[in-house]
Amino acid sequence: MNEMVELTEQQRAIVEATEPYIVVVATAAAGKTRCITERVRWLLNQGVPAEEIVTITFTNAAAEEISERLGNPTGLFIGTIHSLANYYLRAGGVDTSKILNDERFDDLFKLIKKNPECVRQVSYLIVDEAQDSNPQQFEFLLDMINPKNYMLMGDHRQSIYRFNGATPDYILNLMESPEVTTYDLNENYRNAPEILAYAQQLIKTLGYDFRNTNIFNTFEECKSSVLAVSDSIISALHRAVNDDDKQNAMAAINENRLHRFFNLMERMNNRYNENYKYELSEGIINRPSDDAIMSFLGELGLNIEDDSVETNELM
């Protein structure tokens, strides 16, 4: 096992935390991946068997990165929540090939509920991006696995998978429980002080819950903001469509903050006349190859009509 890397005081407190139930509110660029990696390394150095540690990552790429940093130890599970469910089922002799072939990965949780004997309790569970887990995933992680200790890392303010049933309320409720200890991981190491100061001022203007409709003085300001956000989304989706890359499409949408578009759209429709709805949508959708994008979004479960943007399923 490689030696632990240098940690800040804030990071070390998280890595070496001994409370059984922990939520880490981790902001962007604060060293979350480093903390997860070093948490696993610290547990192994403390003598915890690798088989008793499960680390859930949001993507396979993140799992590979953490595993490589640890020296690829044997017996240690690091992977996505769907990979873990599939691993338990197959280890228990349950055939999952149809689900995998049909790419209906969430059906793994339905199957595992029918085969609870496949699930085994672990001593330590670490979950990255926990704010984007939905109730059925939390049921699998916390109720069925029933870990003796867990550390959930994420930021309830960055929950963007509501279209898949995810909600920050679960994390917020846990943070209010007297049995749960909350740590902050909020020292930014990526952005210049000027950028952070600007972002903090913007957040202050928007309000803590990011739903202050008074941020836009005119419809044109609102429309301009929505279209600006959509540009990066459209570019990412074009790349995904051209590559037929469904596996990483959601990561691209995540990275480009699709939820910001829908939040802005909802705010505009709440504040301004509904007649503007089509005009705004038209500016986003009527571009070359956008029919392919709309079809692609449909395959991913996102419902966007030609003459409107339906936010109900996503908010």
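Taking every Cα-Cα distance in the stretch 10-54 and sorting them into 5 Å bins from zero, the calculated P(r) comes out as 5, 20, 32, 25, 13, 4, 1 percent. Taking amide H as placed 1.01 Å from N in the peptide plane, the amide H of Ile126 sits under 5 Å from that of Val54, Thr55, Ile56, Met151, each at least 5 places away or on another chain. If you look at the Cα atoms of the stretch 91-203, you get an Rg and a Dmax of 17.7, 56 Å.
With kT/(6 pi eta Rh) evaluated at 37 °C and eta = 0.692 mPa s, and Rh the Kirkwood radius from Cα pairs, the stretch 33-169 diffuses with a coefficient of 214 µm²/s according to Stokes-Einstein. Rounded to the nearest whole Hz, the Karplus-based 3J(HN,Hα) values (6.51 cos²θ - 1.76 cosθ + 1.60, θ = phi - 60°) of the stretch 122-136 follow the sequence 10, 7, 9, 10, 10, 10, 8, 6, 5, 5, 9, 8, 9, x, 5, with x at glycine and proline. In this structure the amide hydrogen of Val23, modeled in the peptide plane, comes within under 5 Å of the amide hydrogens of Leu152, Thr181, Thr182, Tyr183, none closer than 5 places in sequence on its chain.
FYI, it's all coordinate maths here, none of it is from the lab. Bear in mind that the values here come from a model prediction, so they are computed numbers and not experimental data.
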